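Visitor: One structure, as structure tokens, below. Some questions next.
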Amino acid sequence: MSATTVQTRTEPATATLKLHSSAEGKQETEYRYSHLLPFFSQDHYPPLTPFEHIDPGHRALNHSNPRSFLDSATQITELTPNLGTEVFGVDLRALDSDGRDQLALEVARRGLLVFRDQQEFIDAGPDFYREWGSHFGRLHIHPTSGHPQNYPEIHLVYRDANSSFNFEIDDSITSTVWHSDVSYELQPPGLTTFFLLSQPSTGGDTLFTSQVSTLKKLSPQFVAFLKTLKAVHSGVEQANFSRSGKRGGIVRREPVENVHPLIRKHPVTGEEALYVNRQFTRRILGLKREESETLLKFLYDHIDKGGDVQARVHWTPNTVVLWDNRVTAHSAIVDYGDSKQRRHGARITPQAERPIPALEDLDLSF
């Protein structure tokens with residue numbers, strides 16, 4: 001077992017999610033990706049330890065043509081001027097180490113890449129998923145989500161007519177909750193890979209926003225002030241959500257809170273990005289409660305309303321999406337619930353560096 005999956009088993013593992021009966025009353029037994037259904041073990045993990053992360057995009061900077069991995073593309077379309085590129089004709093599974101380095105650089109620059117027609121990648125299975133993700137960083141094991149049995153590094157989202165294992169808040173008027181994945185970790189994710197194994201016939205899109213562009217919308221004087229600030233990101237609410245019996249009811253690693261700069265700098269591109277999100281950012285240190293709440297509400301509203309810096313990914317079969325959590329935020333759109341159709345997704349989540357403050361020597365202690 002690798003160092004990234006050290007675990008201590010304290011109780012027998014629970015069973016994998018069982019498929020429910022179909023509308024005709026017959027048991028569904030031949031779901032193609034049943035081996036990737038959510039499994040909720042009782043394994044417990046120690047706290048994550050710091051590690052040195054070297055972004056593979058650095059190596060691509062020295063390549064004579066850092067976009068040569070796109071040479072086989074049959075179509076490349078920019079989804080918006082500043083965020084998102086859709087690609088046809090590139091087989092992600094066939095990329096060598098240099099191609100993956102170039103991919104990391106392109107994701108950092110564009111924030112979001114959408115690759116169509118990737119059935120071979122998706123069907124390659126969880127051993128390949130782990131190998132793929134390990135190229136980009138140490139794989140994160142989510143403390144509360146389901147995963148394929150024996151593959152805790154693969155984070156799953158799942159919803160069908162009878163079950164939901166997503167972090168959904170039922171008492172809100174909207175399912176839109178902008179976030180950067182597990183930003184409460186000391187070293188949150190960088191490049192992330194996500195794909196759907198099963199999807200509703202309509203709905204279930206994913207929204208993305210450029211946190212580089214949201215920052216550029218603000219006045220220079222205000223940005224200068226924001227650079228002096230740091231905020232607490234917390235995993236406590238997510239853990240308590242699971243402890244209440246939802247999402248599988250499992251907490252395998254105790255929740256943490258960490259301090260990150262409000263504005264971070266990308267280690268490869270040098271771009272600066274706003275780094276707060278409604279789901280995990282809790283308070284700005286050094287400000288009084290009312291000041292912190294007012295400022296965070298302004299920034300959340302700015303992110304929510306920035307339709308001119310957002311992109312919407314419509315899922316078609318065999319689509320693989322990659323984004324850089326350091327410079328983007330995203331939200332699932334849960335608009336398909338009444339259809340009772342399944343949405344089953346898998347995420348490969350390499351961790352990156354501790355966020356680098358845009359303001360040099362900013363103290364990130366509590």
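Any read-out appearing in this document is the output of simple, stated calculations on the displayed coordinates, not a laboratory observation. Nothing here was measured: the structure is a model prediction, and the numbers come from that model. All Cβ positions, glycine included, derive from the backbone under ideal geometry; neighbour counts span all protein chains shown.
Visitor: For the chain, which DSSP H helices look membrane-span-like by this rule: Cα extent along the axis of 15 Å or more and mean Kyte-Doolittle of at least 0.0?
Guide: Helices meeting the span and hydropathy rule in the chain: none at all.
Visitor: Just grab the label-to-label distance for residue 282 and residue 305, each label 7 Å out from Cα along the Cβ direction, in nm (one decimal).
Guide: So the two model labels end up 2.8 nm from each other.
Visitor: Okay, next question. Could you calculate the contour length gain from residue 318 to residue 360, that is, 0.36 nm times the residue separation minus the distance between their Cα atoms, to one decimal place in nm?
Guide: Value of the extension gain: 10.9 nm.
Visitor: Over region 243-291, consider all pairs of different Cα atoms and compute the Kirkwood hydrodynamic radius from their mean reciprocal separation; express it in Å, one decimal.
Guide: Here the Kirkwood hydrodynamic radius works out to 14.0 Å.
Visitor: Moving on to the next point. Of 218, 37, 207, which is the most mobile in a GNM of the chain whose springs link Cα atoms less than 10 angstrom apart?
Guide: Among 218, 37, 207, the largest GNM mean-square fluctuation belongs to 218.
Visitor: Using +1 on the beta carbon of Lys and Arg, -1 on that of Asp and Glu, and nothing else charged, what's the dipole of region 245-359 about the Cα centre, debye to 20?
Guide: Values: 20 positive and 14 negative charges, 118 e Å.
It comes to approximately 560 debye.
Visitor: Please find the FRET efficiency linking residue 127 to residue 289, where r is the Cβ-Cβ separation and R0 is fixed at 56 Å, and quote it to the nearest 0.05. Please list the in-between numbers first.
Guide: On the way: r = 48 Å, r/R0 = 0.86.
Here the calculated transfer efficiency is 0.70.
Visitor: Oh, and also: Quick one: which residues, 5 or more positions from residue 85 or on another chain, have an amide H under 5 Å from its amide H? H modelled 1.01 Å from N in the peptide plane, none for Pro or chain starts.
Guide: 79, 112, 113, 114
Visitor: On to the next question. Could you work out how far apart the two model spin labels at residue 91 and residue 202 are, taking each label as a point 7 Å from the Cα in the direction of the beta carbon, and quote it in nm?
Guide: 3.6
Visitor: Between 205, 324, 127, which gets the highest mean-square fluctuation from a Gaussian network model of the chain, Cα cutoff 10 Å?
Guide: Per the Cα network of the chain with a 10 Å cutoff, 127 tops the list.
Visitor: Related question: Suppose the Debye formula is applied to equal point scatterers at every Cα of the chain; what is log10 I(q)/I(0) at q = 0.09, 0.10, 0.12, 0.15 Å⁻¹?
Guide: -0.49, -0.61, -0.91, -1.47
Visitor: Same structure, new question: Looking at 269, 134, 292, which one has the Cα that reaches farthest to the positive end of the dipole of region 56-357 (charges on Cβ: Lys, Arg +1; Asp, Glu -1)?
Guide: Working it through, the farthest residue towards the positive pole turns out to be 292.
Visitor: Which residues' amide hydrogens lie under 5 Å from the amide hydrogen of residue 231, considering only partners 5 or more residues apart or on another chain, with H built in the peptide plane?
Guide: Those qualifying (amide H under 5 Å, at least 5 residues apart or on another chain) are 260, 262, 285.
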